[in-house]
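Below: one structure, written as structure tokens.
The values are calculated or read from the model by the stated rules, or taken from the named source; none is laboratory data. Just so you know, these numbers come straight off a predicted model, no measurement behind them. When we count neighbours, we look across all protein chains shown, and the Cβ atoms used for this are built from the backbone with ideal geometry, even at glycine. Areas reflect the complete protein model, heavy atoms only, side chains present, ligands, DNA and RNA absent. Shrake-Rupley method; radii C 1.70, N 1.55, O 1.52, S 1.80 Å.
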Amino acid sequence: MRVMQRLASAGAMVAVVISMAACGVPDPNPDDLNPRGAAPPGADTNTGVTIPIDVFGSGCANLPPGYAPGSLQAVQSQPVLAGAEDDPMLTTLASSADAAGLTQTLNYTEQAITVFAPDNAAFADLQKSLGAQRFNALLADKNTLGNILKYHVLAARNSRRTLVAAGAVPTLAGGNLRIRDAGPTISVTDGSGATATVLCGNIPTANAVVYVIDKVLMPNKM
């Protein structure tokens with residue numbers, strides 16, 4: 001008798017599923033689960049590892065689509081600076097890291113890192129603030145430039161969740177960055193007291209989690 005009852009229950013469940021399919025119940029759309037620009041749904045875990053659906057921030061809409069170079073699908077299998085070279089927002093960062101001699105280190109030596117990546121506009125703002133002469137001198141000073149760029153790197157993968165939970169995080173160059181939840185995004189405050197906003201975060205690459213930010217961070221005022 002119990003076997004007959006179980007078979008009857010299973011048959012009823014199958015009938016319900018078939019009925020829903022016949023009524024045209026759609027499969028969930030990933031964009032509906034996490035529209036770009038909205039806060040992430042919490043898919044990232046406390047390990048700090050992220051996946052493409054975890055991205056957040058209005059700037060994510062500027063990433064190349066689909067599997068194009070620089071897209072979320074493309075960069076997740078590439079070292080961090082290899083992906084940055086193809087990202088239209090991060091070409092200045094990629095060239096600056098190369099000038100500082102950090103490409104090999106950040107792409108291959110460091111196996112699990114977090115990178116706060118200033119976008120091209122952030123470097124343009126820094127040039128305007130410093131003046132062309134001081135800015136060009138900075139780019140030519142390999143050690144100083146390298147230390148500034150390493151100030152944007154953390155020695156472990158961090159998701160939005162782990163960053164906010166930590167509140168303050170140490171960088172490869174020394175010194176801390178302060179992290180604050182800012183509703184649909186997060187903010188990052190440097191040692192000089194300046195605050196950057198994350199334009200697109202939780203971007204996974206082969207060896208890093210990337211956060212595109214709107215300001216070049218500084219350990220101290222220049």
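Which residue out of Thr144, Thr114, Thr185 is out of contact with any strand residue (DSSP E or B) (no Cβ under 9 Å at 6 or more places or on another chain) and either at negative phi or open to solvent by 10 Å² or more (accessible area, probe 1.4 Å) (or both)? Explain how you work it out, then say what you get.
Working: Thr114 fails: out of contact with any strand residue (DSSP E or B) (no Cβ under 9 Å at 6 or more places or on another chain); Thr185 fails: out of contact with any strand residue (DSSP E or B) (no Cβ under 9 Å at 6 or more places or on another chain).
After ruling out the rest, the residue left standing is Thr144.
Could you pull out every one of the strands (runs of 3 or more DSSP E) wholly within segment 121-222 that has 3 or more residues that are closer than 23 Å to Asp87 by Cα and in contact (Cβ under 8 Å) with a residue 40 or more places away in the chain? Walk me through how you get there before you give the answer.
Values: elements: 168-170, 176-182, 185-189, 195-204, 208-213.
Once the strands (runs of 3 or more DSSP E) in segment 121-222 are filtered for at least 3 residues that are closer than 23 Å to Asp87 by Cα and in contact (Cβ under 8 Å) with a residue 40 or more places away in the chain, what remains is 195-204, 208-213.
Go over the candidates Gly66, Gly70 one by one and state the one that is modelled with pLDDT of 95 or more and surrounded by 12 or more Cβ atoms within 10 Å (Cβ to Cβ). Before you say what the answer is, go through the steps one by one.
Numbers: Gly66 fails: surrounded by 12 or more Cβ atoms within 10 Å (Cβ to Cβ).
Just a single option satisfies the conditions, and that option is Gly70.
Yes or no: segment 120-140 includes at least one residue that is polar (S, T, N, Q), more than 20 Å from Asn202 (Cα to Cα) and surrounded by 15 or more Cβ atoms within 10 Å (Cβ to Cβ). Quick ask: steps written out before the conclusion?
Step one: list which residues in segment 120-140 are polar (S, T, N, Q), which gives 120, 127, 129, 133, 136.
Going one step further and asking which of them are more than 20 Å from Asn202 (Cα to Cα), we end up with 127, 129, 133, 136.
Now narrow it down to the ones that are surrounded by 15 or more Cβ atoms within 10 Å (Cβ to Cβ): 127.
Yes: segment 120-140 contains one or more residues that are polar (S, T, N, Q), more than 20 Å from Asn202 (Cα to Cα) and surrounded by 15 or more Cβ atoms within 10 Å (Cβ to Cβ).
Which one is surrounded by the most Cβ atoms within 10 Å (Cβ to Cβ), of the residues in segment 147-170 that are out of contact with any strand residue (DSSP E or B) (no Cβ under 6 Å at 6 or more places or on another chain) and closer than 23 Å to Gln104 by Cβ?
Applying the filter and picking the extreme gives Leu149.
Provide a single number: the residues in segment 99-119 that are in a loop (DSSP other than H, G, I, E, B) and under 14 Å from the mean Cα position of the chain (by Cα).
From segment 99-119, those in a loop (DSSP other than H, G, I, E, B) are 100-102, 110-112, 119; that's our starting set.
Then drop every residue that is not under 14 Å from the mean Cα position of the chain (by Cα), which leaves 112, 119.
Number satisfying all stated conditions: 2.
From Ser19, Ser96, Ser77, which residue is in a helix (DSSP H, G or I) and modelled with pLDDT of 50 or more?
After applying the criteria, what remains is Ser96.
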